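Below: the structure, in structure tokens.
Values quoted throughout were computed directly from the atomic coordinates according to the rules given, and no laboratory measurement underlies them. Keep in mind that what you see is a predicted model, and the values were worked out from it rather than measured. No Cβ is skipped: glycine too gets one built from the backbone with ideal geometry, and neighbour counts run over all protein chains shown.
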Amino acid sequence: MFSAFRAAELSTPMWKQARMIIMGTVEDSILFRDVTVEAGAVIKHAIIMQGTVVRSGADIEYAIVDKDAEITEDRTLIGAQTAPIIIPKGEKI
């Protein structure tokens, strides 16, 4: 899909629009722009919205994390496939 855009059509390059820092593990998940996943963090089967920070050692599975949230160091959040955990906007967990 990226190849469908020409550089002249974008005021900001696409790679700058979708800044993410991913140093941890992410599997079968959707991450929005400006998400940071620190080293040692694990995210599986989750939706992580823009501006969220997942700190080192955090373990997230089957969760929906709204924007601008922070999941603190070594925190474990595990929901179920049919009942994911929902973290509201701006929460620090």
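Here are the numbers:
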{"quantity": "Net charge contributed by nearby residues that have their C-beta within less than 14 Å of L77 (K/R +1, D/E -1)", "calculated": "-3"}
{"quantity": "Stretchable slack from D74 to M23, in nm (0.36 nm times residue separation minus alpha-carbon distance)", "calculated": "16.9 nm"}
{"quantity": "Beta bridge orientation in segment 44-93: antiparallel %, DSSP, nearest 5", "calculated": "5 percent"}
